[in-house]
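These notes are about the structure you will find just below.
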């Protein structure tokens, strides 16, 4: 209590939560102890996550398509990406690893790309959108990604089995074809205890020299 | 600053086990604050467009399984912050927001990004001393050894906190760093002046709730979502230069990355 300047009931609430998450053991008359690192779900953040990368289909995952419909293009897409037409194919999916939900993803495909797509074709590719587009001749050449930590909204929370407001890793990705035309805008909400994005950046001489000139 | 707690359960009965589980995990953070944070994020990223109407109070109660008092508390706070306007008999509307400048951290242009960061932000050194390396960082970079020099810095832009970074430097490197630590240089710049330059940075990006220390320093409530970036810096001979863990406010720092896609079949 002294360390954090909070009331007893607040301290108890915090400890109750850690106990529910099975990260501590409370022994009456003795004290509270940290548990050993248990199964991946009980000691999440320090375990190597089961998935990396956002573009491909991670091995061992299954997906469920919950929405597949043509909708009027949402305003935020028209503002950001003028290449979208009046209507957009919206595909919302939940992806599971070992039957535990890992990500809720909502993809928006421009009419030019999505018009001929069927739900059955998607099923044939295990629900993977970009590989399906590639098979149909829309190969993605680049994927721009933007990361944010956001509170889970009710949809993300219920899809991922989290409390509303719990932190989720949000990745907004834009896939483009070799002509730089937009193929898909995908909004991912990952459970942070089951996923982290990884990448490696090499610093060649060229980039270093450029930076030196600027500084 | 005790948080008032209420033991009364509010809202409709849970319908499934998932919901039950999430309810229990929800213990420890004030309910109104959860809703405040959600609406706040939606207002900021444009999910609720400027000047458009927010859901009505009864709708918010139903969607989030909250009492009217709790919903009002969240809206009161947004109103105080000047983010919404409540019009009697009409509804609640998003105020056109002043653009909050976000610093863009582009992983594909790391040297440029670090140079820009150094020129328009300052990093205050909170600690610089030998320290045990936490097990989770030793697990991803075994070469660091059990103890290393810990450099803890808080980076601010015009006095507003952006990120809290803990960098662990191998003893051979850390012992050569001179004090005082400059407020403008990035860790990579400091290291590059000392020896073989960093040629590879492996990063992982995740999300975590703010702990007590991070919440206080980054000026966010306990449990707020923060971006967590871990990075391993190595030189040309693949020798470890540093391991760092940074907690970032993603409302102030935009993290970007461009991934070239392999050719089909790759």
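Reported count of residues in segment A:161-183, each being surrounded by fewer than 24 Cβ atoms within 10 Å (Cβ to Cβ) and more than 12 Å from residue A:145 (Cα to Cα), is 8. The residue pairs whose first member lies in segment B:111-128 and is in the same structural domain as residue B:182 (by TED's automatic domain parsing), whose second member is part of a loop (DSSP other than H, G, I, E, B) and loosely packed, with under 15 Cβ neighbours inside 10 Å, and whose beta carbons are closer than 6 Å, counting only pairs six or more residues apart or on different chains, are B:115/A:215; B:118/B:184; B:122/B:183; B:123/B:183. Checked against the criterion of being touching a helix residue (DSSP H, G or I) at 6+ places or on another chain (Cβ under 6 Å), more than 8 Å from every other protein chain (Cβ to nearest Cβ), in a helix (DSSP H, G or I) and modelled with pLDDT of 85 or more, the candidates B:113, B:70 yield just one match: B:70. Only one of the listed residues (A:104, A:89, A:150) is touching a residue at least 40 places away in the same chain (Cβ under 8 Å) and part of a strand (DSSP E or B). That residue is A:104. Here residue A:188 meets the list (1) at the interface with another protein chain (Cβ under 10 Å from one of its Cβ atoms); (2) part of a strand (DSSP E or B); (3) surrounded by 17 or more Cβ atoms within 10 Å (Cβ to Cβ); (4) out of contact with any helix residue (DSSP H, G or I) (no Cβ under 8 Å at 6 or more places or on another chain) almost entirely, failing just condition (1).
Residues checked against (1) within 22 Å of residue A:203 (Cβ to Cβ); (2) under 12 Å from the mean Cα position of the chain (by Cα):
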| residue | (1), (2) |
| --- | --- |
| B:204 | yes, no |
| B:208 | no, yes |
| B:212 | no, no |
| B:218 | no, yes |
| B:224 | no, yes |
| B:235 | yes, no |
| B:239 | yes, no |
| B:245 | yes, yes |
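Suppose the filter is in the same structural domain as residue B:148 (by TED's automatic domain parsing) and closer than 20 Å to residue B:133 by Cα; does residue B:240 pass it? When the stated conditions are applied, residue B:240 passes them.
Of all residues in segment B:236-252 being closer than 30 Å to residue B:41 by Cβ and at pLDDT 90 or above, which is surrounded by the fewest Cβ atoms within 10 Å (Cβ to Cβ)? Full working, then the answer.
The initial filter retains those residues of segment B:236-252 that are closer than 30 Å to residue B:41 by Cβ, namely B:244-252.
Within this subset, residues satisfying the condition of being at pLDDT 90 or above are B:244-249.
Values: B:244: 22, B:245: 19, B:246: 23, B:247: 22, B:248: 26, B:249: 23.
The extreme case among them is B:245.
You will find that of A:162, A:183, A:109, A:104, the residue that is touching a strand residue (DSSP E or B) at 6+ places or on another chain (Cβ under 9 Å) and facing chain B (nearest Cβ under 8 Å) is A:162 and no other. Kindly check whether there is at least one residue in segment B:184-197 that is without any contact (Cβ under 8 Å) to a residue 40 or more places away in the chain and part of a strand (DSSP E or B). No - not one qualifying residue is present in segment B:184-197.
For segment A:121-139, residues that are in a loop (DSSP other than H, G, I, E, B) and either under 25 Å from residue A:96 (Cβ atoms) or free of Cβ contacts under 8 Å to residues at least 24 places away in the same chain (or both) total 6.
Within segment A:165-180, restricting attention to residues that are part of a strand (DSSP E or B) and either within 7 Å of chain B (Cβ to nearest Cβ) or touching a helix residue (DSSP H, G or I) at 6+ places or on another chain (Cβ under 8 Å) (or both), the residue that is nearest to residue B:220 (Cα to Cα) is A:167.
Looking across segment A:154-192, the residues that are touching a residue at least 12 places away in the same chain (Cβ under 8 Å) and over 23 Å from residue B:257 (Cα atoms) come down to A:155, A:156, A:159, A:160, A:161, A:162, A:164, A:165, A:166. Quick one: in segment B:190-235, of everything that is more than 22 Å from residue B:38 (Cα to Cα) and within 8 Å of another protein chain (Cβ to nearest Cβ), which residue is surrounded by the fewest Cβ atoms within 10 Å (Cβ to Cβ)? Out of the qualifying residues, it is B:200.
Among the numbered criteria (1) under 21 Å from the mean Cα position of the chain (by Cα); (2) closer than 14 Å to residue B:33 by Cα, which single criterion is violated by residue B:66? The single condition residue B:66 does not satisfy is (1). Scanning segment B:203-212 for residues that are free of Cβ contacts under 8 Å to residues at least 24 places away in the same chain and either in a helix (DSSP H, G or I) or touching a helix residue (DSSP H, G or I) at 6+ places or on another chain (Cβ under 8 Å) (or both) gives a single hit, B:212. When each of A:142, A:118 is tested for being under 27 Å from residue B:104 (Cβ atoms) and either surrounded by fewer than 20 Cβ atoms within 10 Å (Cβ to Cβ) or free of Cβ contacts under 8 Å to residues at least 12 places away in the same chain (or both), the lone residue that passes is A:142. Within the set A:126, A:134, A:148, the sole residue that is out of contact with any strand residue (DSSP E or B) (no Cβ under 6 Å at 6 or more places or on another chain), within 7 Å of chain B (Cβ to nearest Cβ) and under 20 Å from residue A:175 (Cβ atoms) turns out to be A:134.
Against the definition (farther than 20 Å from residue A:194 by Cβ and in a strand (DSSP E or B)), how does residue B:200 come out, yes or no? Here the answer is yes, as residue B:200 does meet what is asked. Scanning for something within 30 Å of residue B:205 (Cα to Cα) and outside any loop (DSSP other than H, G, I, E, B), does segment B:45-66 turn up at least one residue? Scanning segment B:45-66 turns up at least one residue that is within 30 Å of residue B:205 (Cα to Cα) and outside any loop (DSSP other than H, G, I, E, B).
The values are calculated or read from the model by the stated rules, or taken from the named source; none is laboratory data. Keep in mind that what you see is a predicted model, and the values were worked out from it rather than measured. Every residue, glycine as well, gets a Cβ built from its backbone with ideal geometry; the counts of neighbours run over all protein chains shown.
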